Structure formats: C-alpha cells, structure tokens
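Report on the following structure.
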Amino acid sequence: PRSGPTASSTPALSLPAQHHLAKSTMFRLATTTARGLAVPKAFAPSMVARTMGTHPDAGVAPELLEKLGEMSTQALVDALWVMGYPQCQIEGARPLAPGMKCVGNAVTVRFLPFRQDLMADKPAGEASPEYVAFEKCGPNEVLVMASTGPWESVGGDIKFLRLMQRNIAGLVTDGSVRDTDELIGYGFPVFSFSTTAKQGPAVMVPWEEGGVIECGGVTVRPGDAILADQDGAVVCPGSLVEEVIKSAHEREEIEVSHLIPSRSWADWVVTPQRAGHKCGQNGRPVRTSLSKF
C-alpha cells in the first residue's frame, strides 16, 4: 500500500493561502520572463491567473436593439435603477442637433494625455486604434470615445467621414467634436460634451480600441448596448438588455394603470381653474394643491 497523504486527506487551502499562492506564482512568472528565461511547462496558460477582467464583446442581437431603440433613455435609466445599476448615463454627452437618437453595440476607443513617446509607439495611419475601431462599426454599432477632457476634440469632418461611409448607428463621447456643420450633414447621430475648433492631437493620443473604458463617469464595455436621445446617452450591459426591455414595459403598464383612464391629461392641465386651483386677478393660481386628485 502507498504511504503518505492521499488527495482526499490533503486539507484544502484557506482563501488567504490561495491568494498568497496565486500572487507568489505570478511573481515567479514575471521574474522568469523579465530575465529572458523560459516559463516552466508546469505553468500552462490555463494555470496562469488573469491580471485583469475579461469582457463579452459579441454584442446585442439586432432584434433586441430594435426593441431597445423604441424606448426612451428615461425608461432605460428607470429600469436599470431598479435592477441595481444606478450609474448608467454618460454625463455630458448631448446631441449635436435636435431630434438625434441612436441605439447600438458599443465599440470603444480610449485616449491618453499627449506624450511624444506615446505618439512614437502608437501604430500610425490606418493601424491607429481609432481607425481600427472605425472598421468595426456599422448600422448596429455606436462608437464610444473616452476623451481626456470635455473640451478636447476627438475628431472632425475628415476623420469621421469614414463613419458616414460605414453607415454607423452613432457616435458618443465625453469630449468635444469639431466641424459641427459638416458632422450634422453626415447624417449620423453625434452626442458630445460640446463643440470646439481646437485640434485634439495637440493634447491627447488615441491609444486603445476594444477595451473597457470610462466615459462620462461610467464604465463602458465593448458589446454594451448604447441608447441615446435628446436627454443624453445611457449604457446598458449587453447581457441585461432583454431583461431591461421586459422590466421597462412592466413599469410602463404600472404607471399607466395609476392614471385616471376616463380623463386625458389635457383635461387637468389646460387651465389652472380646471386643475382645481383658486386663481387671482392675474389668472395665476394662488395655491398648488390639485383638489380633483
């Protein structure tokens, strides 16, 4: 018979011990790599702990995007709120022109503050991260660009001409855009903090595409659903879209059921007198209670 402890008799490591083992393993791997030595075969790729999270980037199906596009951003925010996602609006992203609305899967680009060595290391021309991202965009994609500041330009008419050619669903950024009239003429929705005449490359570098970014104070992952209208731009985790649509419809039914079915809102608010207000000589109400309610 074999002597010594068996697998079943070996005590399991405590959680702190597991963390310590993982950290020490990663340190040994990093040290080995830095010295130019071969990584031991024992450390197969499946055994190496991840140093950062992964993200689903398959995106939301077109039929679900179509249903999501029928909602307003207010309805989406309300549904996400009750589901435990209170921070979902990209702060500062406003429509470039009235009537703009878009829905699509997020394609992400992240900018970094300008440094000459970054410009030297960044791929040039069509291999630059923003142009790579452009080629991932189409009718079901919204390009989300994380600027380094609200007044910095993420692009203008020349750069974004390609987005028009790709028939993109929309562009959302917490920075600014330039060549406003031309962009409006391109026909795709643009949501930005503001507009500017300044050139972006003087202050920031497009550094990464396809990664998880922070835009307007919220996290955006590739494949998240973006819905934007006149009230701003909202991010919805791609895996929650179907549930969010169902929740939004249920909330809408509840809200409608609380209204008085036999009367229209116009019957109550056309005049202060009709709403039950006591009016003064100038016709303005002198109290705010609605007695008919």
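The values are calculated or read from the model by the stated rules, or taken from the named source; none is laboratory data. All figures in this text were calculated on a predicted structure; none of them were measured in a lab. Ligands, DNA and RNA are excluded from the accessible area calculation, which covers all protein heavy atoms including side chains. Shrake-Rupley method; radii C 1.70, N 1.55, O 1.52, S 1.80 Å.
Brief remarks on what is shown
- Proximal aspartates and glutamates to K122, defined as alpha-carbon separation beneath 14 angstrom and excluding residues fewer than eight positions away on the same chain: E130, E208, E209
- Rg/Rg_globular for region 116-246, with Rg_globular taken as 2.2 N^0.38 Å and Rg from C-alpha atoms: 1.03
- Stokes-Einstein, applied to the Kirkwood radius of region 72-158 over Cα pairs at a viscosity of 1.567 mPa s and 4 °C, places its translational diffusion at 83 µm² s⁻¹.
- Region 127-204, accessible surface, carbon-and-sulfur percent (1.4 angstrom probe): 52 percent
- Surface analysis of region 102-168 yields an accessible area of 46 Å² per residue, using protein heavy atoms and a 1.4 Å probe.
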